[in-house]
Amino acid sequence: MSDRRCDGDGSADFGRFPETTLEADKFTFRTPTLLNIEVTGPYTHTESYTSLEEVIKHHANPTKALTNYDFSQLQQSGISNLDKMQNNAQEALDKLSQDRLDGLDVLQDVELSNE
């Protein structure tokens, strides 16, 4: 990635923040259309999930999903800066935790069953 959403080496993706410079927009992303979603993988803005089930689990509990995420699978996509990507993911989780503590309207963890 070399667009304005990322830092110089493409490892930090801060969402809308570079556009607005508002701290509240850090790690916020445009929701894409769901048209033909079942055939348009890989998923997420980083293309880091190969199934819709993984994406739902990620959004249901981002901390759990990222804690268990195998970042080494991204090497298959030619991404070499995994340490920086992991740091970026941790920074996003830290911001989510702080936003929750601050009482902001953000995603809350949900436990979903297979049903």
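The values are calculated or read from the model by the stated rules, or taken from the named source; none is laboratory data. These numbers were taken from a predicted model, which means no experiment stands behind them. Glycine also receives a Cβ, built like all others from the backbone with ideal geometry; neighbour counts cover every protein chain displayed.
For the reader, a short list of remarks on this structure follows.
- If only residues of the range 57-73 that are of a type in the set (S, T, N, Q) and modelled with pLDDT of 85 or more are counted, the one that is farthest from Asp94 (Cα to Cα) is Asn68.
- Filtering Ser72, Ser113 for residues that are small (Gly, Ala, Ser) and not in a loop (DSSP other than H, G, I, E, B) leaves a single hit, Ser72.
- Within the range 51-73, tally of residues that are out of contact with any helix residue (DSSP H, G or I) (no Cβ under 6 Å at 6 or more places or on another chain), surrounded by fewer than 16 Cβ atoms within 10 Å (Cβ to Cβ) and of a type in the set (Ser, Thr, Tyr): 3
Quick grid of which residues meet (1) assigned to a helix (DSSP H, G or I); (2) at pLDDT 90 or above; (3) surrounded by 13 or more Cβ atoms within 10 Å (Cβ to Cβ):
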{"site": "Gln76", "(1), (2), (3)": "yes, no, no"}
{"site": "Gln86", "(1), (2), (3)": "yes, no, yes"}
{"site": "Asp94", "(1), (2), (3)": "yes, yes, no"}
{"site": "Asp99", "(1), (2), (3)": "yes, yes, yes"}
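- Checked against the criterion of being of a type outside the set (S, T, N, Q), in a helix (DSSP H, G or I), at pLDDT below 90 and over 19 Å from Gln108 (Cα atoms), the candidates Glu38, Glu47 yield just one match: Glu38.
- Restricted to the range 80-115, and to residues there that are touching a residue at least 24 places away in the same chain (Cβ under 8 Å) and within 13 Å of Thr46 (Cβ to Cβ), the residue that is farthest from the chain's Cα centre (by Cα) is Asn81.
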